[in-house]
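A.B. asks: Below you'll find the structure I mean.
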Amino acid sequence: MPSNISLPNQALLMDGVDKLDIRAYPLTLPTTADGNAAVPTGCVLVRVKATGICGSDIHLWKHGSAVGTVVTEPYAMGHECAGQVVAVAEDIADWKVGDRIAIKPGVACFACEDCTRGYGNLCANMRYSGTPGVDGGCQTYRVVPVTQLVRLTPKISWTEAGLIQPLAVSIQMARQAGLRNSQKVMILGGGCIGLLLGAMAKSFGASQVVVFEKQTHRVEFAKSYCADHAFQNPPRNNPDETTQAYATRVSKHILESVPGVGRGFDICIEATGAEECMQMGIKLCRPGGTYIQVGMYRGKLPEINMMEVCVKQLNVRGTIRYGTNCFEEAVELIDRGLVDVKRLVSHTFDFNDSLSAFEAVYNLHDVQGKEVFKTVILHGDGDQGLESVVHGESS
Ligand SMILES: [Zn+2]
Ligand SMILES: [Zn+2]
C-alpha cells in the first residue's frame, strides 16, 4: 500500500506584511518500495545550506509584493539559495547524493512568446522562488527540478554560494550594458548588486569604476573593493533645490573630479531607484553611452529628461533577473577568483536566527551596531560535511 513520509522541515515563513516566523513546514513525499522518500520525477531533494538575504526580501517582508501580489498562503522566503543533494529521483542520472549546487530561482514556462523568442527571464508565466505563492530557500529541505540546478566547484564555500544568484543578476546587467575592457563605468548605488557589477567591470579591464552611494561606510567599502573613486550623496544646497538642479550640480562635480572621464561614462548603472540618481545617470553618460536601470521604485513617477536621451543618442536599457548561463558564468567567475564575493559578506546567521538576520538587514546594522553589507543565512552544519537524509515519520 503506498504511504507517505513527512520530512521534519522547518521554514522561515511569510504570512503577510510584517509577518515572518520560523515554523514547522512538513515536506511530504511518497515512499519507495523499500520505505525511503521517493523524489518526484525530474527532481532532486536538496538539504539547504545557504540563503542570501536580498533587499527585495526585506521589501516583501515590510511592504509586500512590488507588483501587488497578495499573500494568500504562507510561503518560505529567500531566492538566493544553495545546498547539497540528499536524494535523487529514479530517472535522474547526472546528479547524485552529495552534489553541491546552487538553485536558480526562476521557472519559466518555455511555452509563451517571450520564452520561445529566447527571453526566458521575461516569461509571462514566470514563477520565482521566495515570492508569494512560490516557496523559496529559507527552509531545511527543498524538492528542486534538475533544470534549476547549477553545480558548485569544490573551491566555493557555502557562504560564497549564497551570492551566486546576485552575481548572476549582475552578469545579466553586464550583458545588457555591453560591458568590456577599457570602459569607464559609473555605478549609482553601492549595494551588493552595484558592487558586484563594479568588481566584474574591474576584472573585465574597465579603465575607471566610480561609485555614488548614500551611506558613509558603503562609500569607504566601495573604495577598498572595486571603485577607483567613490562619492557620497551631498546634501541639498537648500530646501528649494529641485532634484533636477541637484542632479545637474552633483553630476557636474563628479565629471570635474574624475580625471580623464571627459564628457561622461561609457556605462551608467542606476542601482538605487531614486529619482535624482536616475537623472544623474542620464547626465553622467557620455554621448552615445549606455544607461542601465536596475534599481526599482514605487510611488511617484520619476521625471526623466528625454531630450537628454535624444540629443546624446543614449542607449537606455532595462535589466531583470538573469539570462541563460548567467548562473554557470557566476560559478566560474567566483571559482577563478575573478570576482571576490566573500568580502561582501558582513554577516552570517544560523537559520534559527533568521529573524535576527532579517532585522539586521532592515536596520542596516546588527544589535552590536556593526554595519550590515551582505548577509547570508547558513543552515545546519554550514561548511561541514554531508548530512544523512533524515527519515521522517510515516503517515
Ligand atoms: Zn535578490
Ligand atoms: Zn514563458
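What follows is calculated from the coordinates using simple rules that are stated; it is not laboratory data. These numbers come from a predicted model, not from an experiment. Because the Cβ atoms are built from the backbone with ideal geometry, glycine has one as well, and the counts that use them run over all protein chains shown.
A.B. asks: Taking Cα centroids, how far is the range 140-204 from the range 225-243 in Å?
C.D. replies: A separation of 27 Å, based on Cα centres.
A.B. asks: Counting only residues 5 or more places away or on other chains, whose amide H sits under 5 Å from the amide H of Phe231 once H atoms are built in the peptide plane?
C.D. replies: Val211, Phe212, Glu213
A.B. asks: Sequence neighbours fewer than 8 away in the same chain don't count; with that in mind, list the lysines whose C-alpha is under 18 Å from Lys312.
C.D. replies: In chain and number order, the partners are Lys184, Lys252, Lys283.
A.B. asks: How many percent of Cα pairs in the range 296-361 exceed 13 Å?
C.D. replies: Considering the range 296-361, 80 percent of its Cα-Cα pairs are separated by more than 13 Å.
A.B. asks: Output wanted: per-residue J couplings in Hz (rounded whole) for the range 237-251, from phi through Karplus 6.51 cos²θ - 1.76 cosθ + 1.60, θ = phi - 60°, x for Gly and Pro.
C.D. replies: 4, 7, x, 8, 5, 6, 4, 4, 5, 4, 4, 5, 5, 5, 4
A.B. asks: Cα gyration tensor of the range 172-318, axes a ≥ b ≥ c as square roots of the eigenvalues: rounded (a/c below 1.5), prolate (a/b > b/c) or oblate?
C.D. replies: rounded
A.B. asks: For Ile377, enumerate residues with amide H under 5 Å from its amide H, sequence gap 5+ or separate chain, H modeled in the peptide plane.
C.D. replies: Thr51, Gly52, Ile53, Phe349
A.B. asks: Given Cβ point charges of +1 (Lys, Arg) and -1 (Asp, Glu) and nothing else, what value in debye, to the nearest 20, does the dipole of the range 87-211 about its Cα centre take?
C.D. replies: 520 debye
A.B. asks: Ranking request for peptides 44-54, 203-213, 354-364, 236-246: highest mean number of other beta-carbon atoms within 10 Å first, then the rest in descending order.
C.D. replies: Ranking, from highest mean packing down: 44-54, 203-213, 354-364, 236-246.
A.B. asks: Expressed in whole Å with the largest first, what are the equivalent ellipsoid semi-axes of the chain derived from the C-alpha gyration tensor as the square root of 5 times each eigenvalue?
C.D. replies: After diagonalising the Cα gyration tensor, the semi-axes are 40, 21, 20 Å.
A.B. asks: Modelling each spin label as a point 7 Å along the Cα-to-Cβ direction, I'd like the Tyr362/Leu338 distance in nm, to one decimal.
C.D. replies: Placing both labels 7 Å along Cα→Cβ, they lie 3.9 nm apart.
A.B. asks: Extension gain Thr41-Leu355, at 0.36 nm per residue separation less the Cα-Cα distance, in nm?
C.D. replies: Between Thr41 and Leu355, full extension yields 109.6 nm more.
A.B. asks: Using mean Cβ contacts within 10 Å as the protection proxy, how do 282-293, 121-132 order, highest first?
C.D. replies: Output ranking for 282-293, 121-132: 282-293, 121-132.
A.B. asks: A further question on this structure: List the lysines whose Cα lies under 28 Å from the Cα of Lys49, skipping any in the same chain that are fewer than 8 positions away.
C.D. replies: Leaving aside lysines fewer than 8 places away in the same chain, those within reach of Lys49 are Lys19, Lys62, Lys96, Lys104, Lys155, Lys342, Lys370, Lys374.
A.B. asks: Oh, and also: Let me make sure I get this right: for the range 105-175, a, b and c are the square roots of the gyration tensor eigenvalues over alpha carbons, sorted descending. Under 1.5 in a/c it's rounded, otherwise prolate if a/b > b/c, else oblate. Which is it?
C.D. replies: oblate
A.B. asks: Turning to a different aspect of this structure: Simple spin-label model, 7 Å along Cα-to-Cβ: His63 to Gln313 in nm?
C.D. replies: It works out to 3.7 nm between the two label points.
A.B. asks: State the extension gain, in nm to one decimal, for the chain segment bounded by Ser6 and Thr216, taking 0.36 nm per residue of separation less the distance between their alpha-carbons.
C.D. replies: Taking 0.36 nm per residue and subtracting the Cα distance, the gain is 70.7 nm.
A.B. asks: At 0.36 nm per residue, and after removing the present C-alpha to C-alpha distance, how many nm does the segment from Lys223 to Arg23 gain when stretched out fully?
C.D. replies: 67.9 nm
A.B. asks: Once you place label points 7 Å from the Cα toward the Cβ at Arg249 and Met296, how far apart are they in nm?
C.D. replies: 3.3 nm
A.B. asks: For the peptides 93-105, 152-164, 13-25, what is the packing order when you average, over each peptide's residues, the other Cβ atoms within 10 Å and list the highest mean first?
C.D. replies: Peptide ranking by packing, descending: 152-164, 93-105, 13-25.
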